[in-house]
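> Once you've had a glance at the structure underneath, I'll fire off some questions.
The values are calculated or read from the model by the stated rules, or taken from the named source; none is laboratory data. Bear in mind that the values here come from a model prediction, so they are computed numbers and not experimental data. A quick note on method: Cβ atoms are made from the backbone with ideal geometry, for glycine too, and the neighbour counts reach across all protein chains shown.
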């Protein structure tokens, strides 16, 4: 049996993450040692015995075997939380491609040096008689400051230090003199910050419906029987998914377990926090990017210390160091923001499953518009599927009006607002009801479409839209195909062909011109830069301070405004035309979520969807609130093209300071993959470089693996860094990991210091 070596992180304190060092694993520890374990190791010239954490195991010695030191032993029953986090980092490294240090910094964020908050008090040390004697002496000497402090300490043995120096007017020097005399002692205790600033309120506990109770009961039965699993909760907008979450968390707390509640956007924090805080009080906290470094650190400490049971936040909240997680809830699980854009490019859904496996926890995925990945797995029996098909209020889904913008143009209306939307807006303003205007800008990447007929310029090889570049070319960012931008629509000849130019600020201005005196609020990237701006805007709108809320996708996700009776979607086609295989799914989800904001109270709701493609299945199914119908059509497309979730896809992303160097590296890595795994030109590829790779499945008509590209990224240069990408498709995720491992070695051997290679599995967006 050959030698076994371990990579060990010597210092994983949150103040510093050190590089790994390699140690030999002694014979007696083989078979016992695992990733994440804490071990004793000799370190430095003096062989000081330190503790470290195993981050990887392998048979290859990276240094001189004769000089490689040996692990002394395994630390028993120590740092269980840190060990779990180390194991999770190793999983991230393996499944998403990154350095181990990158993975560790994701799981264990390096703590910045922050000033600790201290709670200081002045405590009386002398007995009552001794204090009275000292007080009399201070009076005789006219030491009035000492007299005031001693007099107060006779009534209470301990006083806040700030009160002593403030209200009593006693100087720090005076306190020190009494401390030197042995009369008092200044005590200091670390005080952990609590970022939750929620006014108290009486909690309303609505009675759960039979359907809600059944979901809670089945989830808990499985957990108590030692079969925690993953459940997909598919509930229409307003069906009461949050009440199900609250009840499950309540039951987990009763079992001594903690809960992680994931939300896709910081904008959702305030409303979600209100619901959970009114149920569980100060046992709830938040963790997100708006917190200071000190606040983030303190929430982790509070979690470790058992001071909180529930954490609410975006994907990074998964790494809260809870000792005993019972449930992970992922609300609006379909959202693309659950995918990290920096290395390691992990997805919160898959990572939540791994965290749950480590803790023996249940996972609840909730959405009115589940991701195709989640619904596909539920259909195949990998997830348990629950459905809520009725609104809690008993009300109906809003009436949806689909407006064909082509007809509006032909009939002379060149306004941003269709005539139907203008009519309904006027009606709501007159009645004192609220409206939401949503500009669907997600996925906008310079695609070109015709305003007269709705035609979108698409790649002939990849069935995604072409993106317009500044040089006048239309480019596919999957295979590299390009063509000049046409002067007119190739379908109808209209001159009205180009990109969509309107923004939320322009919409707000036009709204005020059309309806003088209308009260508006705008929520977009410009208005939400300040801390707490999300909560302030949403709170103001909920409080009736505006008639119309104008915004991007952040306003249509999970918010509940009972007085909103109208939603207007101004440009449904923007995400539909994006150069991405997920464009149809994103469009359906956004439109369904947007429409669902209307009529959530007692008043009925209406929605207007403005589109150039009213017959597209994503638009038509969203207008009908028909998820199953959309899924059936979309999964056929994914199956035909070999896209996730039917297959898997890996984006290999190349970043370079030199354009030619980046292009050469991209081409060499693509060729290396082709050479290592075999390949031939895929049928129908045309001028695109699409290759079927080895290990083909001879039982099917299509290739088992396929390579597309390389091509320039959708944004070819950012901050003078050139970007290239190619894609590898494969039905088996494990094979993609092996290709990733191979390409990592190739990149390390061939790339320069100015070049970087990253991997993105089942990407949510093209670069």
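> Out of (1) buried (at least 21 other Cβ atoms within 10 Å of the Cβ); (2) out of contact with any strand residue (DSSP E or B) (no Cβ under 7 Å at 6 or more places or on another chain); (3) more than 30 Å from residue 587 (Cβ to Cβ), the odd one out for residue 293 is which?
Residue 293 satisfies every listed condition except (1).
> Which one is modelled with the highest pLDDT, of the residues in segment 188-210 that are surrounded by fewer than 13 Cβ atoms within 10 Å (Cβ to Cβ) and touching a strand residue (DSSP E or B) at 6+ places or on another chain (Cβ under 8 Å)?
Ranking the qualifying residues of segment 188-210, first place goes to 188.
> Further question: Tell me which of these residue 20 doesn't satisfy, since it passes every other one: (1) under 15 Å from residue 89 (Cα atoms); (2) modelled with pLDDT of 90 or more.
In the conditions (1) under 15 Å from residue 89 (Cα atoms); (2) modelled with pLDDT of 90 or more, residue 20 misses (2) alone.
> Continuing with the same structure: Based on this model, can you work out whether residue 213 counts as surrounded by fewer than 16 Cβ atoms within 10 Å (Cβ to Cβ), at pLDDT 90 or above and more than 25 Å from residue 351 (Cα to Cα)?
It is true that residue 213 is surrounded by fewer than 16 Cβ atoms within 10 Å (Cβ to Cβ), at pLDDT 90 or above and more than 25 Å from residue 351 (Cα to Cα).
> Something else now. Output the residues belonging to segment 603-630 that are in contact (Cβ under 8 Å) with a residue 60 or more places away in the chain, more than 14 Å from residue 400 (Cα to Cα) and surrounded by fewer than 19 Cβ atoms within 10 Å (Cβ to Cβ).
603
> Please enumerate the residues belonging to segment 141-162 that are touching a helix residue (DSSP H, G or I) at 6+ places or on another chain (Cβ under 7 Å) and part of a helix (DSSP H, G or I).
145, 146, 147, 149, 150, 151, 153, 154 - these are the residues of segment 141-162 that are touching a helix residue (DSSP H, G or I) at 6+ places or on another chain (Cβ under 7 Å) and part of a helix (DSSP H, G or I).
> Further, regarding this structure: Name the pairs: first residue in segment 32-51 and at positive phi, second residue in a strand (DSSP E or B) and surrounded by 17 or more Cβ atoms within 10 Å (Cβ to Cβ), Cβ to Cβ under 7 Å, at least 6 apart or on different chains?
36/53; 36/54
> Among the residues that make up segment 437-444, is at least one of them over 30 Å from the mean Cα position of the chain (by Cα) and at pLDDT below 80?
no
> Let me ask something additional. Counting only residues that are surrounded by fewer than 16 Cβ atoms within 10 Å (Cβ to Cβ) and assigned to a loop (DSSP other than H, G, I, E, B), which one in segment 101-116 is modelled with the highest pLDDT?
Residues of segment 101-116 that are surrounded by fewer than 16 Cβ atoms within 10 Å (Cβ to Cβ), as a first pass: 105, 110, 112-116.
Of the ones still in play, those that are also assigned to a loop (DSSP other than H, G, I, E, B) are 110, 112-116.
Numbers: 110: 49, 112: 48, 113: 49, 114: 52, 115: 58, 116: 61.
Looking at the filtered set, the residue picked out is 116.
> Quick one: which residue in 288, 305 is surrounded by fewer than 22 Cβ atoms within 10 Å (Cβ to Cβ) and farther than 22 Å from residue 104 by Cβ? Reasoning before the result, please.
Details: 288 fails: farther than 22 Å from residue 104 by Cβ.
Just one listed residue meets the conditions, 305.
> Quick one: residue 231 ticks every box in (1) out of contact with any strand residue (DSSP E or B) (no Cβ under 8 Å at 6 or more places or on another chain); (2) modelled with pLDDT of 85 or more; (3) assigned by TED's automatic domain parsing to the domain that holds residue 326 bar one, so which box is it?
Of (1) out of contact with any strand residue (DSSP E or B) (no Cβ under 8 Å at 6 or more places or on another chain); (2) modelled with pLDDT of 85 or more; (3) assigned by TED's automatic domain parsing to the domain that holds residue 326, only one is false for residue 231: (1).
> Follow-up. Which numbered condition in (1) modelled with pLDDT under 90; (2) crowded, with 19+ Cβ neighbours inside 10 Å; (3) closer than 30 Å to residue 759 by Cα is the only one that residue 652 fails?
With respect to (1) modelled with pLDDT under 90; (2) crowded, with 19+ Cβ neighbours inside 10 Å; (3) closer than 30 Å to residue 759 by Cα, residue 652 is out only on (1).
> Would you check if there is a residue in segment 495-502 being under 30 Å from residue 600 (Cα atoms) and modelled with pLDDT under 80?
Scanning segment 495-502 turns up at least one residue that is under 30 Å from residue 600 (Cα atoms) and modelled with pLDDT under 80.
> What are the residues in segment 26-46 that are in a loop (DSSP other than H, G, I, E, B) and modelled with pLDDT of 90 or more, if any?
26
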